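What follows is calculated from the coordinates using simple rules that are stated; it is not laboratory data. None of the values given here were measured: they were computed from a predicted structure. Here the Cβ positions follow ideal geometry from the backbone for every residue, glycine too, while neighbour counts run over all protein chains shown.
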Amino acid sequence: MREASFDDSEFILKLVNEPAWHEFISSHSIDSIEKASEYVEQKMIAMYQRYGFGLWVVEKIDDAIPIGICGLLKRDSLPYIDLGFALLSKYRGQGFAFEASMGSLMYARNKLKMQKIVAISNPSNTRSVKLLEKMGFLYESKFSHPGSDEVLSLYARK
């Protein structure tokens, strides 16, 4: 995993336009390289600069091809750091999200000394829910971001 750069804009454009992204993560339209670059700058690079962590680009070891994003987010709507992940569809179900997520959790625990990490998921995203449970997250409550009607599930790992 590595920090994102503007060179990742084309990859981000592809990732955020996958059907699963729109179904389970966000329906916001990122429909150009320019908007993808803004996402990289405002959602990824800005978080690294402000907190020293964020969503990292997940690459395959053998060829350094970006296959997803995973990492830690600081959201104003949550009292704890949030684990997030998303992979291109052709790489799901192969253990990449688990490996990247566990690496992110180890970083949070060992480097950042965080005692509790949360994660939010659309309840109908059964793959993500199963992955969170496999990593030791437990369901805590229903959750909605301020100003949103979408009801999500909040999980926590201590």
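A few notes on this one:
- Candidate set: the stretch 1-33, residues that are small (G, A, S), buried (at least 16 other Cβ atoms within 10 Å of the Cβ) and in contact with a strand residue (DSSP E or B) (Cβ under 9 Å, 6 or more places away or on another chain); chosen: the one farthest from A100 (Cα to Cα): A20
- Only residues that are polar (S, T, N, Q) and more than 19 Å from S77 (Cα to Cα) were counted in the stretch 102-148, giving 6.
- Selection within the stretch 12-30 - farther than 17 Å from V40 by Cβ and assigned to a helix (DSSP H, G or I): P19, A20, H22, E23, F24
- Any hit, the stretch 82-95, residues being within 23 Å of F53 (Cα to Cα), assigned to a helix (DSSP H, G or I) and among the acidic types (D, E): no
- Of all the numbered requirements in (1) over 15 Å from the mean Cα position of the chain (by Cα); (2) surrounded by fewer than 15 Cβ atoms within 10 Å (Cβ to Cβ), R75 misses one, and that requirement is (1).
- Answer residue from the stretch 106-130, given it is touching a helix residue (DSSP H, G or I) at 6+ places or on another chain (Cβ under 6 Å) and under 20 Å from R92 (Cα atoms) and is surrounded by the most Cβ atoms within 10 Å (Cβ to Cβ) among those: A119
- Inter-residue pairs, beta-carbon under 9 Å, first crowded, with 18+ Cβ neighbours inside 10 Å and in the stretch 142-158, second charged (D, E, K, R) and outside any loop (DSSP other than H, G, I, E, B), 6+ apart: L152/K142; S153/E140; S153/K142; L154/E140; L154/K142; Y155/E133; Y155/E140
- Pairs meeting the criteria (first residue in the stretch 49-75 and in contact (Cβ under 8 Å) with a residue 12 or more places away in the chain, second residue among the acidic types (D, E) and in a loop (DSSP other than H, G, I, E, B), beta carbons under 8 Å, at least 6 apart or on different chains) are G54/E3; W56/E3; V57/E3.
- For the residues K116, K35, the requirement of being more than 18 Å from R157 (Cβ to Cβ), over 14 Å from the mean Cα position of the chain (by Cα) and basic (K, R) singles out K35.
Residues checked against (1) part of a helix (DSSP H, G or I); (2) under 28 Å from S124 (Cβ atoms):
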| position | (1), (2) |
| --- | --- |
| K35 | yes, yes |
| A46 | yes, no |
| Q49 | yes, no |
| V58 | no, yes |
